[in-house]
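Only one structure is covered here, and it is reproduced in the block below.
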Amino acid sequence: MLYREAGQFKASYRADQAIFPIAQDRFVAMALLVIAFLVVPFVATEYTYRAVLIPTVILSLAAIGLNVLMGYCGQVSLGSGAFMGVGAYAAYNLAVRLPFLNPFVCVLLGGFVAAAIGIVFGIPSLRIKGFYLACATLAAQFFGDWAFLRIKWITNDTPSGSVNAPPLQLFGLDLSSPTANYLVSLVFAVVLGLGAKNIVRGHIGRQWMAIRDMDIAAEIIGVLPMYAKLSAFAVSSFLIGVAGALWAFVYLGSWEPAAFDIDRSFELMFMVIIGGLGSILGSALGAIFIVLMPIFLNQALPPLGDVVGWKISTATVSHFESMIFGALIVFFLVVEPHGLARLWLTGKEKLRLWPFPH
Amino acid sequence: MGFFLEVLIGGLLAGVLYSLVALGFVLIFKASGVFNFAQGAMVLAAALALVRALDVMEQWHWPFTLALAGAFAFAAVVMAIVAWAAERLVLRKLVNQEGIILFMATIGVTFFIEGLAQSVFGADVYPLNIGLPKDPLFILESVFDGGILVNELDIWAAVIAGLLVTGLALFFQRTRIGRALRAVADDHAAAQSVGIPLDQIWFIVWLVAGLVALVAGAVWGSKLGVQFSLSLLALKALPVLILGGFTSVPGAIIGGLIIGAGEKLAEVFLGPSMGGGIEIWFAYVVALLFLLVRPQGLFGERIIERV
Amino acid sequence: MGIRKSRLLGAALLSAGVLAATAAEAQSEQFIPGLVYRTGAYAPNGIPFADGAADYISMLNARDGGINGVKILFEECETGYATDRGVECYERLKGKGPTGAAYFSPLSTGITFALTEKAPGDKVPLITMGYGRADSRDGAVFAWNFPLLGTYWTAANVAIQYIAKEWGGFDKLKGKKIALLYHDSPYGKEPIAALEAMSKKYGYEFLPIPVPAPGSEQKSQWLQIRQQRPDYVLLWGWGVMNSAAVSEAGNVNYPREHMLGGWCSGAESDVLPAGDKAKVYKALMLQHPAGKFAVHKDIDKFVVSQGKSLAKPEEVGQVLYNRGLINSMLGTESIRTAMAKFGNKPMTGEQVRWGIEHLDLSADRIKQLGFEGMIGPIKLSCADHEGTRLSRVHQWDGKEWKVISDWFTGDDSIIEPLVKSTAEAYAKEKKITERDCSKES
Amino acid sequence: MPGRIRSFTEALLSVENVSLTFGGINALTDISFDIKKGEIRAIIGPNGAGKSSMLNCINGFYHPQRGSITYKGVQRARMRPHEAAEQGIARTFQNIALFRGMSTLDNIMTGRNLRMRTGLFWQALRIGRAEREEIDHRIVVERIIDFLEIQHVRKVPVGQLPYGLQKRVELGRALAAEPDLLLLDEPMAGMNLEEKQDMCRFVLDVNDEFGTTICLIEHDMGVVMDISDRVVVLDYGKKIGDGMPDEIKANQAVIDAYLGVGH
């Protein structure tokens, strides 16, 4: 009976257009933020920070970026790994060439560089659609892989082609502690995520969705496909680029191009689709799922084995892990093709009507 | 000149090897509109099943040909099981979902197959010898000094690919099932309404794709040894697909030839000046530029926009 | 989103499992983690190494109850050769056991790079035996990195020395063409700096040819080689790339006896798939050959015959299996060295670091340990985290690897300057203050 | 409602000798007619007569090989559909072309996208201008929603709406652009009598209240004759009649064309 909107009347369109029109949702969202910012830092261990929280947060941001493109504008992309890389290497170059810049400024600027590149690689989308476009974006991916390795100035002529992030600090205070890393990533993710949410519920977001749902009709009612698609590519690449820069600076600290290879692209796509196309919340859920599930399986299986008195080798664990993971993906799609976010919504609907079935 | 020809021929032959992988994608996309991400994993699974069975049967001291036949039979059965499971446990439950959902499902299938295949057949590297000759050949030695080098294995691969394609063509044109497949490809609903059982068709398509994967696995396996990397060949097949069109069997071959020749020539003649290693993205860029001219690929069905 | 719940559940199960495993004298155990990859594209290389590393530790536990009576608690974590999974494993295992992880062997260049950032903060040493950053042997800058037994620059130098010997003198190198066919990644690029430096010194033409990962398709690279006709091809591959390279060499009739692999390109899995084409292919050794030695008797007695080993019978004694043994041996001996100073109790990472840095294995000691014939003497210091410059060459005769050369010693007059310059650059970039090794004891 | 006699003078759009061919097939041959400001103009004709092609030419989706189209006194060169939209031409489609994934509200809001200007940055912050703009347009859209009596499905994804309502939402989306010329492609196709009457009422109200010029394609003769001021008849891509409803009723060519078609 808790989850009721009865008695909540919208006095203004502003209220009606809020992100969380329903009071309970607002409350839950607030609670989550409070937990994320104030509670977690007191309970999280270094392991949960470095292995779970930080990657989840950063990849959520990347997933949001990809979702803008795939979920809202309907342009499938497999180049997101490369765009993370662009963000990372752009930030790195700014940091080494303009040492007076604060690393986090570099992170943001890295995002803008990624956006620019994103627009360039978005141009084919004006002509190519669906899976053809998906494969075409792989051109961006592989070109990225190559450029990061081959073009010397990108890696500042380091012999091996692996580079290091500058020490992280802000106004003189050192931000290399896991807690600081986590909070910084979280701030980036929340602020930019909110921005993305605002865009997708505004008129530009509607243009993207119009293109996604029926591009011809959209054009006939005055949506410029070029503007809509390229703006989507730009925003998406910006978010992904910032995520990439954070991944490099905050999470890895020192990295080789393989950190942004095709596997990353696929990982992000899994997150978006598992989480739910066209849902900001879904992106986060997807990231949580994709990051946590393997770790969870990997840690949970051996003890389970012990329980049934069967010593499971590391190899078996990882094979089972990949099997269960695959099975889960299929299972989720069968239960709810539109991802965790939709599952969440249906859950809420049920809760709304509870205890009455209809 | 001689060297140029050599690179060209080498490229063309390499392209055929990509086509072998690409074919599997085409078959399934053509008949069920599913972009089967799992094709690479199927190649791996088929090859692993083949090589492991072969080892076992040779330990039983079966005559080679018999062992080979047995191994192929075994691998074929494995692929049949994969196809059956894919249809029964995945596709059937996701009928009438958008392409992207089915695509995602096949990604799940990929993880599952990779995990299963490795845990059952092992994650090691297994040399595979199915009696394909592997020695280098030198042709036209009279014309060019040193002659032009080709590899017997590649030639055999080309021959096999040729047979495979003609076989598939006949299968699609001549047999009842084949025609049914084409009907389904054209219009699911219509096909169902005239009483073509979709689930059977899908099973058959996946089976055929599985067998194609088996052939690809056998050829690539005897080239590289059977190991996990086989599942990564899918990435080499994608530009071929884009170029040839997702729905065209000949397209897969022609696309393969173009990509193969293109990337090898680029790598050998442009590569050194650019620091090398350009062929992967070059293949994709070629495909991409090509798409800009013909968005539906070489032989892909034309997209006509209406309102 | 039942994920948070499921995580708690997982944690519960985990701890249950661990408790079951470590119920006995948990307090007096030395924890050693193992980052392994038994699955994925590089599994063929990862499996034997992992088995060797594990078997040696099980042997110590079974034979002499650990190190100086301190039982070893060993746990593997699957990285699949992926950097972020590696970091996750590291974070998960570094705090385990009463004193935390003794040391880590990342077994992947990518993971090594990432952990190089984290290890100093966590005070855990990294043993990157025969891989990782070549300049990390400079202990003044890389206090926590230990590229024991050899770096890629030593390898590159020895490779050139070997070729020169084959041709009868360094003067013969002049005007010759030497190609490097390398895995297009930081790992593969590592030797380039050294090879370029030497090409200036000895006047051979250096021809680097990258192979995009995974390297299963190398036709164009070998066509280039066929066109350029280098006098020697150095192979710096990993995983499928190695076997593919060897068989492609056969396809273009490049003489295999003029191919020399690095020590990551000289294992059974690198040649077996190539079949006969691999005959007479040569590769550097990370000092140790394949085959069975004194230590294998105990391994067999206490582990394999007890069914405690994951290794398949034919796997024991393979190149990478033996490398696993050595890796664990050097690690445990370092712990022993540390115990000599700090007492026979579980060592902290910091103490182990001291132990590695003061590791000194004489020929006799190595004989005692049953590794005679596998590695030469090794002695580390604050300045030198490599501890030796020795290497040899072995050749594949179609069935097994045969040692065909005597010991070579890396030439520091070439390597040292490179190490210094890049290490200093790194120190500057990361704002690290170098240790003054003259003051270290 | 009886056929009305209204007279209009100023031509809003005039089509002169337009011909359109697809790979040899003549969709339209030498068509000329005009649409006067404020009138309701109907295009009728048997299936495949080229009616939709005609609309597609008018809003720039197809480009006739010959002939010219003059709109608001300007002879138009080759133009893209969104340019037509910018100049105030809106339309609905024969088989509904709504954005299925979006709610009724969002669909109609999209109709106003041409009038919304705030850039990405302010959108992201969604403060000040961006939010005000959103609300101002929301007010207009709500008026349209009330007018079309679809308040109850405001937040429902249109994909889930019944056919009749979808047609209405589509009309709403077109109206949201506040067009000068509204092209309706079979707005009543597949509707029951009641729905048709509603739709007629909406069309007429739009024409009366907003003074919007309307050009509609319709099969239902009754409807056409009732609501339209002038009718142009196409058959096999040729114009066979043009005039007041009563003249058309009497036109022999038209009658022949429709005989056998079964109307």
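The values are calculated or read from the model by the stated rules, or taken from the named source; none is laboratory data. Quick caveat: nothing in here was measured; it's all calculated off a predicted structure. Quick reminder, even Gly has a Cβ in these numbers, built from the backbone with ideal geometry, and neighbours come from all protein chains shown.
Checking the structure you have, find out if any residue of the range C:53-74 is free of Cβ contacts under 8 Å to residues at least 40 places away in the same chain, away from chain A (no Cβ under 14 Å) and of a type in the set (Gly, Ala, Ser). Yes; the residues of the range C:53-74 include at least one that is free of Cβ contacts under 8 Å to residues at least 40 places away in the same chain, away from chain A (no Cβ under 14 Å) and of a type in the set (Gly, Ala, Ser). Scanning the range C:174-214 for residues that are more than 26 Å from C:THR83 (Cβ to Cβ), in contact with a Lys or Arg (Cβ under 9 Å, 6 or more places away or on another chain) and not acidic (Asp, Glu) gives C:LYS177, C:TYR202, C:GLY203, C:TYR204, C:PHE206, C:LEU207.
Residue pairs whose Cβ atoms lie under 6 Å apart, sitting 6 or more positions apart in sequence or on different chains, and linking a residue in the range D:67-95 that is within 8 Å of another protein chain (Cβ to nearest Cβ) and buried (at least 17 other Cβ atoms within 10 Å of the Cβ) to a partner that is among the β-branched types (Val, Ile, Thr) and not in a helix (DSSP H, G or I), are D:ALA85/A:ILE221; D:PHE93/B:VAL307.
Taking A:ILE35 as the residue in question, decide whether it is loosely packed, with under 13 Cβ neighbours inside 10 Å, over 25 Å from A:ARG264 (Cβ atoms), more than 16 Å from the chain's Cα centre (by Cα) and within 13 Å of another protein chain (Cβ to nearest Cβ). Give the steps one after another, and end with the answer.
Working: loosely packed, with under 13 Cβ neighbours inside 10 Å: yes; over 25 Å from A:ARG264 (Cβ atoms): yes; more than 16 Å from the chain's Cα centre (by Cα): yes; within 13 Å of another protein chain (Cβ to nearest Cβ): yes.
Considered against the rule, which asks whether it is loosely packed, with under 13 Cβ neighbours inside 10 Å, over 25 Å from A:ARG264 (Cβ atoms), more than 16 Å from the chain's Cα centre (by Cα) and within 13 Å of another protein chain (Cβ to nearest Cβ), A:ILE35 comes out as yes.
Within the range D:210-247, the set of residues being more than 27 Å from D:LYS72 (Cα to Cα) and among the aliphatic types (A, V, I, L, M) comprises D:MET221, D:VAL223.
Exactly one residue out of C:ALA274, C:ALA290, C:ALA283, C:ALA311 is within 13 Å of another protein chain (Cβ to nearest Cβ) and either closer than 21 Å to C:LEU390 by Cα or crowded, with 24+ Cβ neighbours inside 10 Å (or both), and it is C:ALA274. The single condition from (1) crowded, with 19+ Cβ neighbours inside 10 Å; (2) outside any loop (DSSP other than H, G, I, E, B) that D:SER14 fails is (1).
Could you pull out every one of the helices (runs of 4 or more DSSP H) wholly within the range C:148-237 that has 2 or more residues that are within 23 Å of the chain's Cα centre (by Cα)?
In the range C:148-237, C:152-167, C:186-189, C:192-202 are the helices (runs of 4 or more DSSP H) which contain 2 or more residues that are within 23 Å of the chain's Cα centre (by Cα).
Annotation: of all residues in the range C:314-325 being crowded, with 24+ Cβ neighbours inside 10 Å and not hydroxyl-bearing (Ser, Thr, Tyr), the one that is farthest from the chain's Cα centre (by Cα) is C:GLN318. Exactly one residue out of C:GLY324, C:GLY349, C:GLY317 is more than 21 Å from C:ASP55 (Cβ to Cβ) and among the small types (Gly, Ala, Ser): that is C:GLY349.
A count restricted to the range A:131-166 and to residues that are within 9 Å of another protein chain (Cβ to nearest Cβ), surrounded by fewer than 18 Cβ atoms within 10 Å (Cβ to Cβ) and either touching a residue at least 12 places away in the same chain (Cβ under 8 Å) or in a strand (DSSP E or B) (or both) stands at 1. Going by the conditions given, is C:THR109 at pLDDT below 90 and at the interface with chain A (Cβ under 9 Å from one of its Cβ atoms)? Yes: the conditions hold for C:THR109. Restricted to the range A:273-358, the set of helices (runs of 4 or more DSSP H) holding at least 3 residues that are at pLDDT 85 or above comprises A:280-307, A:314-335. Here D:VAL74 fulfils each of the conditions (1) touching a Lys or Arg at 6+ places or on another chain (Cβ under 8 Å); (2) among the hydrophobic types (A, V, I, L, M, F, W, C); (3) within 21 Å of D:GLU16 (Cα to Cα) apart from (1). For the range C:316-361, give me the residue count where each residue is part of a strand (DSSP E or B) and more than 24 Å from C:LYS297 (Cβ to Cβ). The number of residues fulfilling the criteria is 1.
Could you run through the range D:96-129 and say how many residues are assigned to a loop (DSSP other than H, G, I, E, B) and either closer than 23 Å to A:LEU192 by Cβ or at the interface with chain A (Cβ under 8 Å from one of its Cβ atoms) (or both)? Please lay out each step first, then the result.
Taking the range D:96-129 and keeping what is assigned to a loop (DSSP other than H, G, I, E, B), we get D:96-102, D:111-112, D:116-119, D:126-128.
Subset that is either closer than 23 Å to A:LEU192 by Cβ or at the interface with chain A (Cβ under 8 Å from one of its Cβ atoms) (or both): D:97-102, D:111-112, D:116, D:118-119, D:126-128.
Number of matching residues: 14.
Output the residue which, of all residues in the range C:392-432 that are within 13 Å of chain A (Cβ to nearest Cβ) and outside any helix (DSSP H, G or I), is nearest to A:SER162 (Cα to Cα). Result: C:LYS430.
Among the residues of the range C:84-95, those identified as without any contact (Cβ under 8 Å) to a residue 40 or more places away in the chain and under 20 Å from B:GLY115 (Cα atoms) are C:ASP84, C:ARG85.
Against the condition in a strand (DSSP E or B) and touching a helix residue (DSSP H, G or I) at 6+ places or on another chain (Cβ under 7 Å), how does D:ILE214 come out, does it pass? The answer is yes for D:ILE214. Looking across A:PHE83, A:PHE121, one residue alone is under 11 Å from A:GLY241 (Cα atoms), of a type in the set (Phe, Trp, Tyr) and assigned to a helix (DSSP H, G or I). It is A:PHE83. Close contacts from the range B:206-227, counting a first residue that is farther than 19 Å from C:GLY250 by Cβ and more than 13 Å from chain C (Cβ to nearest Cβ) and a second that is in a helix (DSSP H, G or I) and among the acidic types (Asp, Glu), with Cβ to Cβ under 8 Å and a gap of 6+ residues or different chains, come to B:TRP206/B:GLU87.
Please pick out the residue among C:ALA244, C:ALA194 that is small (Gly, Ala, Ser), buried (at least 24 other Cβ atoms within 10 Å of the Cβ), within 10 Å of chain B (Cβ to nearest Cβ) and out of contact with any strand residue (DSSP E or B) (no Cβ under 6 Å at 6 or more places or on another chain). Don't jump to the end; show me each part of the working.
Details: C:ALA194 fails: within 10 Å of chain B (Cβ to nearest Cβ).
So the residue among C:ALA244, C:ALA194 that is small (Gly, Ala, Ser), buried (at least 24 other Cβ atoms within 10 Å of the Cβ), within 10 Å of chain B (Cβ to nearest Cβ) and out of contact with any strand residue (DSSP E or B) (no Cβ under 6 Å at 6 or more places or on another chain) is C:ALA244.
Screening D:ILE248 against (1) in a helix (DSSP H, G or I); (2) surrounded by fewer than 22 Cβ atoms within 10 Å (Cβ to Cβ) leaves a single unmet condition, (2). In the range D:205-225 there is no residue matching the filter, namely being among the hydrophobic types (A, V, I, L, M, F, W, C), surrounded by fewer than 19 Cβ atoms within 10 Å (Cβ to Cβ) and under 14 Å from the mean Cα position of the chain (by Cα). Hey, any hits in the range C:187-201 for a residue that's touching a residue at least 24 places away in the same chain (Cβ under 8 Å) and polar (S, T, N, Q)? Looking for residues that are touching a residue at least 24 places away in the same chain (Cβ under 8 Å) and polar (S, T, N, Q), one finds none in the range C:187-201, hence no.
Inside the range A:214-227, can you point out the residues that are in contact with a helix residue (DSSP H, G or I) (Cβ under 9 Å, 6 or more places away or on another chain) and either among the charged types (D, E, K, R) or facing chain D (nearest Cβ under 9 Å) (or both)? Break it down stepwise before answering.
Residues of the range A:214-227 in contact with a helix residue (DSSP H, G or I) (Cβ under 9 Å, 6 or more places away or on another chain): A:215-227.
Answer for the range A:214-227, where residues must be in contact with a helix residue (DSSP H, G or I) (Cβ under 9 Å, 6 or more places away or on another chain) and either among the charged types (D, E, K, R) or facing chain D (nearest Cβ under 9 Å) (or both): A:ASP215, A:ILE216, A:ALA217, A:ALA218, A:GLU219, A:ILE220, A:ILE221, A:GLY222, A:VAL223, A:LEU224, A:PRO225.
With respect to the numbered conditions (1) touching a Phe, Trp or Tyr at 6+ places or on another chain (Cβ under 8 Å); (2) modelled with pLDDT under 90; (3) closer than 30 Å to A:ILE273 by Cβ, which one is the sole condition not fulfilled by B:GLN39? Just one mismatch for B:GLN39, condition (2).
Among the residues in the range B:269-276, are any in contact with a Pro (Cβ under 8 Å, 6 or more places away or on another chain) and closer than 27 Å to B:GLY178 by Cβ? Looking through the range B:269-276, none of the residues is in contact with a Pro (Cβ under 8 Å, 6 or more places away or on another chain) and closer than 27 Å to B:GLY178 by Cβ.
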